[in-house]
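These notes concern the structure reproduced below.
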Amino acid sequence: MRGRLPMVGSQSSLREANRARVVDAVKRHGGLTQVELTGATGLSPATVSTIVKELVAAELVEVRNTIRSGRRAQLVTLAHRVGLVAGVLVGSRHLTVAIADVSHEILAEQVLPLPAEHRADTSLDRAALLVVDLLERVGSELDEVLGIGLGLPAPVDASSGQVTVRGILRGWDGVPVAQVLEKRLARPVFVDNDANLGALAESTVGAAREVHDALYVRAGHGVGAGIVLAGRVHRGVAGTAGEIGHVQVDPAGNICSCGSRGCLDTVVGDRALLEPLRSSHGNLTLADVVRLANEDDPGCREIVADAGTVVGGVVAGLATSLNPELVVVGGALADTGEVFLAPLREALRRRTLLQLVTPLEVVPAALGTRAELEGAIALALQHTDLLEQPDDRPRGPVAAGQVRTGEGNR
């Protein structure tokens, strides 16, 4: 039977699709060898080699020598000249802004304290000023920024970019966050929950890089989780997937910021952790408790260990439902190492099904407390089309009503 000749258009489309797969893999992981690119894209070594040569000629990627498993290899990274991205992380009392290149390397960073119950308008004003200031420090301008990733300590709706649960982040309810910051900077903005960003970072360049299904647990001023299924962050219909800080653990407990009683945050959040230590240690901060626990202070170690047990019990329910391969633990409490991780791990062992195929592993975040900021940078990179010509990239604000947020509902 005579074979059908492929259409030229089909060949061109396939070539562009393969180029996009290679660029996306490098963009996602920050840098891969050609052997690793073959595994990440499913393309043949010859095809990867050809595409890399084309991308080098187009000045979209750079290649340099590296060592992998004791052998010399060619590391492929995105070219620095392609552009920059910004990561903005809004915390309960701090604002962190960073400028990075497309290879995930942070070029400049600054932390600014925020007042209690800071409002969206003033905080976003400060974020915009910091972005401009940091760009000046690295000798760049706003039109070189491809996108801005913004993390919030609250669930975010992917379709509107707004906080979806009232009271969790006071002063931010009903605010179209992406549009507000885009209006100030005239650059595309993508918004997500901070725990989701931690999960994104750890699953792309961190401890969960080699697994498909994982949980990222952030324990610090509050507790949250990011869920990675089949290699992608799962957010749920209204962005509330993984909000374990609002799982009830004490029916007779205190009222939570979400309006419910006895949520996990009311038991192991920073205020709950500090109060029992007040009579014996005076006024401490969470950073003080972590430091003292690492210095073998018995009271602080007890408080942190108890928190690990309670958090582990809640994470066990999530792990039983989702059956992940790995639990990655980040946030300030994870900086105490096994003081926090050991009781969390034991609670998981006692309360999850002890399946024998792939036993659940608990590890500290490879990126530590920087996971969320790295995730904000990764979020911005995920939404940039590096195969566009520079002149085709948008240079002004988005059209009215257009909102850029996370990857979408998974």
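The values are calculated or read from the model by the stated rules, or taken from the named source; none is laboratory data. Note that the structure is a prediction, hence the values are computed from the model and not measured. We place every Cβ from the backbone using ideal geometry, glycine too, and count neighbours over all the protein chains shown. In case anyone asks, the SASA skips ligands and DNA or RNA and just uses the protein heavy atoms, side chains included. Shrake-Rupley method; radii C 1.70, N 1.55, O 1.52, S 1.80 Å.
Of all the residues that make up segment 29-69, how many are open to solvent by 70 Å² or more (accessible area, probe 1.4 Å) and within 21 Å of residue 205 (Cα to Cα)?
7
Within the bounds of segment 355-362, is there any residue that is outside any loop (DSSP other than H, G, I, E, B), in contact with a helix residue (DSSP H, G or I) (Cβ under 7 Å, 6 or more places away or on another chain) and open to solvent by 10 Å² or more (accessible area, probe 1.4 Å)? Explain how you work it out, then say what you get.
First pass over segment 355-362, keeping only residues outside any loop (DSSP other than H, G, I, E, B): 361-362.
So of that shortlist, the ones also in contact with a helix residue (DSSP H, G or I) (Cβ under 7 Å, 6 or more places away or on another chain) come out as 362.
Subset that is open to solvent by 10 Å² or more (accessible area, probe 1.4 Å): 362.
There is at least one residue in segment 355-362 that is outside any loop (DSSP other than H, G, I, E, B), in contact with a helix residue (DSSP H, G or I) (Cβ under 7 Å, 6 or more places away or on another chain) and open to solvent by 10 Å² or more (accessible area, probe 1.4 Å).
Return the residues of segment 298-308 that are over 19 Å from residue 368 (Cα atoms) and either small (Gly, Ala, Ser) or surrounded by fewer than 18 Cβ atoms within 10 Å (Cβ to Cβ) (or both); say none if nothing qualifies. So that I can check it myself, show each step before the final result.
Of all residues in segment 298-308, those over 19 Å from residue 368 (Cα atoms) come to 298-303, 306.
If the condition is that a residue be over 19 Å from residue 368 (Cα atoms) and either small (Gly, Ala, Ser) or surrounded by fewer than 18 Cβ atoms within 10 Å (Cβ to Cβ) (or both), then 298, 299, 302, 306 are the ones that fit.
Which ranges mark the strands (runs of 3 or more DSSP E) fully within segment 62-104 that have 1 or more residues being in contact with a strand residue (DSSP E or B) (Cβ under 9 Å, 6 or more places away or on another chain) and over 30 Å from residue 114 (Cα atoms)? I'd like the intermediate steps shown before the answer.
Working: elements: 71-78, 84-90, 94-101.
The strands (runs of 3 or more DSSP E) meeting that bar are 71-78.
For the structure I just gave you, tell me whether residue 102 is surrounded by 22 or more Cβ atoms within 10 Å (Cβ to Cβ), of a type outside the set (Lys, Arg) and farther than 19 Å from residue 179 by Cβ. Give the steps one after another, and end with the answer.
Working: surrounded by 22 or more Cβ atoms within 10 Å (Cβ to Cβ): yes; of a type outside the set (Lys, Arg): yes; farther than 19 Å from residue 179 by Cβ: yes.
So residue 102 fits the description; yes.
Can you say whether residue 159 is on the phi < 0 side of the Ramachandran plot, surrounded by fewer than 17 Cβ atoms within 10 Å (Cβ to Cβ) and of a type in the set (Gly, Ala, Ser), as far as the supplied structure shows?
Details: on the phi < 0 side of the Ramachandran plot: yes; surrounded by fewer than 17 Cβ atoms within 10 Å (Cβ to Cβ): yes; of a type in the set (Gly, Ala, Ser): yes.
Yes.
How many of the residues making up segment 319-338 are part of a helix (DSSP H, G or I) and farther than 24 Å from residue 373 by Cβ?
5
Here is a list: 146, 112, 107. Which entry is farther than 27 Å from residue 175 by Cβ and either part of a strand (DSSP E or B) or in contact with a Phe, Trp or Tyr (Cβ under 9 Å, 6 or more places away or on another chain) (or both)? Outline the logic, then answer.
Numbers: 146 fails: farther than 27 Å from residue 175 by Cβ; 112 fails: farther than 27 Å from residue 175 by Cβ.
Going through 146, 112, 107 in turn, the sole match is 107.
Collect the residues in segment 198-215 that are open to solvent by 10 Å² or more (accessible area, probe 1.4 Å) and not small (Gly, Ala, Ser), keeping them in residue-number order.
Answer for segment 198-215, where residues must be open to solvent by 10 Å² or more (accessible area, probe 1.4 Å) and not small (Gly, Ala, Ser): 205, 209, 210, 211, 212, 213.
Give me the pairs: first residue in segment 141-153 and within 17 Å of residue 195 (Cα to Cα), second residue among the acidic types (Asp, Glu) and outside any helix (DSSP H, G or I), beta-carbon distance under 7 Å, and six or more apart or on different chains, which are they?
Taking only residues 6 or more apart or on different chains, the pairs are 151/192.
Yes/no per residue for (1) assigned to a loop (DSSP other than H, G, I, E, B); (2) open to solvent by 10 Å² or more (accessible area, probe 1.4 Å); (3) touching a strand residue (DSSP E or B) at 6+ places or on another chain (Cβ under 6 Å); (4) within 27 Å of residue 339 (Cα to Cα):
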residue: 196; (1), (2), (3), (4): no, no, yes, yes
residue: 217; (1), (2), (3), (4): no, no, yes, yes
residue: 228; (1), (2), (3), (4): no, no, yes, yes
residue: 239; (1), (2), (3), (4): yes, no, yes, no
residue: 250; (1), (2), (3), (4): yes, yes, no, yes
residue: 259; (1), (2), (3), (4): yes, yes, no, no
residue: 276; (1), (2), (3), (4): no, yes, no, yes
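Of (1) among the basic types (Lys, Arg); (2) buried (at least 24 other Cβ atoms within 10 Å of the Cβ); (3) in a helix (DSSP H, G or I), residue 187 satisfies all except one. Which?
(3)
Just to be sure I understand, how many residues within segment 129-148 are surrounded by 20 or more Cβ atoms within 10 Å (Cβ to Cβ), over 14 Å from residue 107 (Cα atoms) and not β-branched (Val, Ile, Thr)?
Going through segment 129-148 one residue at a time, the tally reaches 2.
Sort out which residues of segment 281-295 are open to solvent by less than 80 Å² (accessible area, probe 1.4 Å), free of Cβ contacts under 8 Å to residues at least 40 places away in the same chain and farther than 17 Å from residue 92 by Cβ, and write them in order of number.
Listed by number, the residues that qualify are 281, 282, 292.
What are the pairs with Cβ atoms under 6 angstrom where one residue, in segment 331-345, is on the phi > 0 side of the Ramachandran plot and the other, located anywhere, is outside any helix (DSSP H, G or I) and open to solvent by 10 Å² or more (accessible area, probe 1.4 Å)? Sequence gap at least six, or different chains.
331/218
If residue 348 passes every condition in (1) farther than 15 Å from residue 218 by Cβ; (2) at pLDDT 95 or above; (3) open to solvent by less than 20 Å² (accessible area, probe 1.4 Å) but one, which one does it miss?
Going through the list (1) farther than 15 Å from residue 218 by Cβ; (2) at pLDDT 95 or above; (3) open to solvent by less than 20 Å² (accessible area, probe 1.4 Å), residue 348 breaks only (2).
Any chance you could count how many residues in segment 336-345 are out of contact with any Lys or Arg (no Cβ under 9 Å at 6 or more places or on another chain) and open to solvent by 10 Å² or more (accessible area, probe 1.4 Å)?
Residues in segment 336-345 being out of contact with any Lys or Arg (no Cβ under 9 Å at 6 or more places or on another chain) and open to solvent by 10 Å² or more (accessible area, probe 1.4 Å): 4 in total.
For segment 241-276, which positions are hydrophobic (A, V, I, L, M, F, W, C) and in contact with a Ser or Thr (Cβ under 7 Å, 6 or more places away or on another chain)? First the steps, then the outcome.
Taking segment 241-276 first, the residues hydrophobic (A, V, I, L, M, F, W, C) are 241, 244, 247, 249, 252, 255-256, 258, 263-264, 267-268, 272-274.
The answer is 256, 272.
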